[in-house]
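The values are calculated or read from the model by the stated rules, or taken from the named source; none is laboratory data. The structure displayed is predicted, hence computed values, not measured ones. Positions of Cβ are generated from backbone atoms using ideal geometry, with glycine treated the same way; all protein chains shown enter the neighbour counts. We work out accessible area using only protein heavy atoms, side chains counted, and drop any ligands, DNA or RNA first. Shrake-Rupley method; radii C 1.70, N 1.55, O 1.52, S 1.80 Å.
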Protein chains: 2
Amino acid sequence: MSGQKLENKDPMTSKFKFSLHETDGLARRGEISLPRGSIQTPAFMPVGTAGTVKAMYPEQVRGLGADIVLGNTYHLMLRPGAEQVAALGGLHRFMRWPHPILTDSGGFQVMSLSKLRKISEDGVAFQSHIDGSKYLLTPERSIEIQGLLGSDIQMVLDECTPFPCEKGPAESSMELSLRWAKRSKDAFGERPGQALFGIVQGSVYEDLRAASAAGLQDIGFDGYAIGGLAVGEGPEEMKRVLDFTAPMLPENTPRYLMGVGRPEDLLSAVARGVDMFDCVMPTRSGRHGQAFTRYGKVNLRNARHAADPRPLDERSTCPAASEYSRAYLHHLFRAGEYLASMLLSWANLHYYQELMAGMRAAIEQGRFAEFATQTRKGWEEGDIAPL
Amino acid sequence: MSGQKLENKDPMTSKFKFSLHETDGLARRGEISLPRGSIQTPAFMPVGTAGTVKAMYPEQVRGLGADIVLGNTYHLMLRPGAEQVAALGGLHRFMRWPHPILTDSGGFQVMSLSKLRKISEDGVAFQSHIDGSKYLLTPERSIEIQGLLGSDIQMVLDECTPFPCEKGPAESSMELSLRWAKRSKDAFGERPGQALFGIVQGSVYEDLRAASAAGLQDIGFDGYAIGGLAVGEGPEEMKRVLDFTAPMLPENTPRYLMGVGRPEDLLSAVARGVDMFDCVMPTRSGRHGQAFTRYGKVNLRNARHAADPRPLDERSTCPAASEYSRAYLHHLFRAGEYLASMLLSWANLHYYQELMAGMRAAIEQGRFAEFATQTRKGWEEGDIAPL
């Protein structure tokens with residue numbers, strides 16, 4: 001398929017556009033066009049939970065090559081509130097990120113963070129984890145909130161099936177998500193310049209995933225996400241599910257694997273035809289002292305770094321990785337300094353963006369498999385030897 | 001005195017040099033020359049407690065116009081340890097600050113932070129507040145530590161007299177500090193390119209301050225600090241003590257008011273002939289939501305900012321103050337985000353450096369009094385009206 005070019009043939013109905021530039025095996029090199037800018041795919045989206053990518057200035061995030069960030073509907077609807085953000089000119093202006101933003105539906109975090117949540121056909125009733133105040137999140141309200149935020153790519157409200165899940169409940173949950181997807185689409189209507197993505201559910205069951213993917217395509221979305229993974233099923237099971245789910249999705253729309261993941265997950269999923277990712281891992285792990293590097297994971301809290309004058313990675317083009325000593329980074333973590341989180345969030349997001357850029361270049365050059373092998377080899381060789 | 005020029009006439013014995021360029025009333029415009037760079041005075045030194053100015057990248061600190069930062073001997077001797085920093089090439093390399101660094105003696109924080117401290121003629125025995133391990137800080141060990149850190153301007157170990165303090169104990173304490181100052185000087189010896197400052201004590205008593213200042217000058221130091229202020233005596237008493245203490249110090253060496261202070265304290269002290277300051281206030285207050293501006297103090301946690309799209313100060317040249325909305329800053333503080341502390345530490349240090357630059361320019365132009373009046377007027381007029 002290398003060199004094959006596919007384009008969304010209907011650019012008149014929406015300013016959202018996906019162009020597939022190259023393929024290499026199942027891996028895809030594409031571009032999403034939106035009024036606020038284009039997104040080179042495969043893309044990793046840094047997570048800007050509550051209107052900020054934690055411990056990063058927005059200019060830094062952009063400087064790393066991120067074309068898009070993710071905002072969390074759940075966090076923003078609770079604080080400062082979607083109407084408040086809208087009154088302030090929308091999320092882009094609020095957080096000083098003029099480039100594309102994707103928002104989730106809020107559903108995942110309602111289930112993982114809120115109190116006293118109760119799902120019904122209508123939606124999810126819950127209490128804020130911040131102050132206990134009561135909310136009802138329906139498909140329509142989620143789309144309303146994402147519109148108030150001004151999100152460029154919006155997600156349908158779905159129920160993220162837990163893992164493990166028996167087939168019966170997985171099927172019921174997937175069908176509820178499909179009905180909510182239809183309501184989300186109806187609520188979204190036509191919004192030129194904005195996009196709405198459906199989310200494939202169905203747990204680890206191929207026929208359920210197929211039914212979900214088909215049902216969503218009957219409704220029709222600008223892109224399709226794969227939900228319900230990275231919830232404890234493990235990397236082998238995730239790959240197995242991706243192996244049969246990705247081919248169920250249209251070739252001419254983006255495919256987004258939600259909440260994934262580790263660098264090795266990104267490699268595996270791109271190899272299976274996924275175009276977009278988001279995950280808190282680079283920033284959350286960074287705040288806890290874990291670095292992602294071409295050597296694999298490096299825990300800077302480890303005492304082996306205490307007297308090591310060498311940088312995290314002398315070849316990195318990120319100052320956080322190449323200009324500060326491991327001894328200093330270790331000290332900052334031990335001392336609980338802000339700069340510890342600032343530097344390692346920066347270094348990790350840099351590594352993630354560099355990894356995506358490397359994959360994009362490799363796909364263009366038809367050497368994705370070689371790139372993946374070399375990258376995994378670096379991780380397996382591990383960190384530089386202690387002094 | 002405007003236009004008077006004084007210089008240290010003995011540049012052969014030390015590469016440390018202080019040049020007094022201009023005076024305006026008692027206010028002094030000068031320059032400290034050190035091998036690592038020059039310091040324009042009056043100068044405010046951001047505090048880099050444990051080898052980092054909290055929530056700031058070193059490049060940002062430099063970018064604000066800071067010529068020098070302060071490092072805390074107490075924090076660094078406990079973690080990572082002075083010998084460790086020396087083995088890593090010194091504090092400048094460790095924290096990536098190639099410009100001048102002033103270190104305190106450690107004495108002040110031993111008394112305020114450590115456990116089970118006991119003062120004797122020899123020094124201060126104490127237990128670390130981090131892990132309870134035991135240390136003995138003597139004048140000689142403090143100088144040794146500051147040398148290991150590679151500090152450009154080192155401070156003698158002194159006892160910071162508490163407030164209030166009866167005259168008898170204040171006199172005994174001041175005399176102990178004088179004996180420690182002599183031992184510090186002996187330990188320091190000759191270190192070309194590095195400087196040692198004495199510290200005037202004597203609480204609020206003019207004759208004790210005079211005896212301290214005279215005793216220190218008998219020993220001979222590169223600069224003289226005024227210690228034992230900003231310890232609860234209040235701004236009026238501080239000004240009264242400065243009024244009689246500053247003239248006791250040589251004209252041709254820098255005068256450093258330790259641990260001060262609020263912007264109004266800086267104005268008052270420069271007007272009384274002080275050249276150098278350090279204080280955690282801009283960064284510590286910034287982490288707690290309090291901004292220093294040309295309008296005076298602004299508490300961004302206050303609900304009046306929640307829906308305010310205006311920046312902290314539209315005329316500021318600091319992006320943190322001019323490009324983010326008050327509503328966003330308020331949100332970041334409510335949400336406990338790193339970026340809250342990062343932005344307000346930046347904005348506050350910017351304001352402090354801008355205030356110092358304004359004072360320096362005003363002294364050069366012989367309009368310091370006018371500058372002080374205008375600046376105080378801005379603070380008194382207060383913040384912009386709520387929307």
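With respect to chain A, whose longest principal axis is taken over its alpha-carbon atoms, helix A:167-188 is tilted by about 80°. Comparing B:PRO46, B:PRO139, B:PRO35 in a Gaussian network model of chain B, where Cα atoms under 10 Å apart are tied by springs, the biggest mean-square fluctuation is seen for B:PRO35. Kirkwood hydrodynamic radius of the protein assembly as shown, from the reciprocal of the average inverse Cα-Cα distance over all distinct pairs: 28.9 Å. Classify the range A:50-120 from the C-alpha gyration tensor, please: rounded if a/c falls under 1.5, else prolate or oblate depending on whether a/b exceeds b/c. Judged from the Cα gyration tensor, the range A:50-120 comes out prolate (a/c at least 1.5, a/b above b/c).
Would you mind getting the accessible area per residue of the protein assembly as shown, heavy atoms of the protein chains only, 1.4 Å probe, in Å²?
With all protein chains present, the protein assembly as shown gives 37 Å² per residue.
So what is the calculated 222 nm ellipticity per residue for chain A, using -39500 (n - 2.57) for each DSSP H run with n of 4 or more, over all residues, to the nearest 500 deg cm²/dmol? Please list the in-between numbers first.
Numbers: 15 runs with 157 residues, N = 387.
That calculation yields -12000 deg cm²/dmol at 222 nm.
Over chain B, how many percent of alpha carbon pairs lie in each 20 Å bin up to the one with the longest distance? In whole percents, the pair-distance histogram is 28, 59, 13, 0.
In chain B, the longest principal axis of the Cα atoms and the axis of helix B:235-245 are about 40 degrees apart.
Modelled spin labels at A:HIS288 and B:SER38, positioned 7 Å past Cα toward Cβ, are 5.1 nm from each other.
Shown here for the range A:52-143: GluC sites (Glu not before Pro) in loop regions (DSSP other than H, G, I, E, B) with at most 14 other Cβ atoms within 10 Å, namely A:GLU121.
Each residue of the range A:294-311 was assigned a 3J(HN,Hα) from its phi angle through the Karplus curve 6.51 cos²θ - 1.76 cosθ + 1.60 (θ = phi - 60°); the sequence is 5, 8, x, 7, 10, 9, 6, 6, 5, 4, 4, 8, 4, 10, 8, x, 7, x Hz, with glycine and proline shown as x.
Taking amide H as placed 1.01 Å from N in the peptide plane, B:ILE153 has its amide H under 5 Å from the amide H of B:ILE101, B:LEU102, B:THR103, B:ALA195, each at least 5 places away in sequence or on another chain.
Of the chymotrypsin sites (Phe, Trp or Tyr not before Pro) found in the range B:247-329, not one falls in a DSSP loop while having at most 12 other beta-carbon atoms within 10 Å.
Translational diffusion of the range B:270-387, estimated by Stokes-Einstein from the Kirkwood radius over alpha carbon pairs at 4 °C in a medium of 1.567 mPa s, is 87 µm² per second.
Relative to the other identical copies, A:GLN374 shows label-point distances of 6.0 nm, where the label point lies 7 Å from Cα along the Cβ direction and values run shortest first.
Close amide H contacts of B:SER325 (hydrogens built in the peptide plane, cut-off under 5 Å, sequence separation of 5 or more or a different chain): none are found. Element breakdown for the range A:41-278 at a 1.4 angstrom probe: carbon and sulfur atoms account for 52% of the accessible area.
As a fraction of the 1.4 Å probe accessible area of the range B:286-381, surface on carbon and sulfur atoms comes out at 45 percent. Sorted from closest to farthest, the other copies place their A:ASP218 label points 10.0 nm away, with each point set 7 Å from Cα along Cα→Cβ.
Between the range B:173-203 and the range A:113-138, the alpha-carbon centres lie 65 Å apart.
Note on A:ALA369 and B:LYS15: the model spin-label points, each 7 Å out from Cα along the C-beta direction, lie 6.0 nm apart.
Restricting the range A:285-387 to GluC sites (Glu not before Pro) that sit in a DSSP loop and have at most 14 other Cβ atoms within 10 Å of their own Cβ leaves A:GLU314. Here the Gaussian network model covers chain B, with springs between Cα atoms less than 10 Å apart; of B:ALA361, B:ALA210, B:ALA347, B:ALA361 fluctuates the most.
How much length is gained if the chain between B:ASP207 and B:ALA303 is pulled fully straight, taking 0.36 nm per residue apart and subtracting their Cα-Cα distance, in nm to one decimal?
29.6 nm
Each copy carries a label point for A:GLY168 at 7 Å from Cα along the beta-carbon vector; from one copy to the others these points are 8.9 nm apart, nearest first.
Using a simple spin-label model with pseudo-atoms 7 Å out from Cα toward Cβ, B:ARG315 and B:ALA357 lie 1.5 nm apart. Largest mean-square fluctuation among B:GLY25, B:GLY147, B:GLY259, in a Gaussian network model of chain B whose springs join Cα atoms under 10 Å apart, belongs to B:GLY25. The contact between chain A and chain B removes approximately 3400 Å² from the accessible area (both sides summed; 1.4 Å probe; ligands, DNA and RNA excluded).
Relative to the longest principal axis of the Cα atoms of chain B, the long axis of helix B:368-381 makes an angle of roughly 50 degrees.
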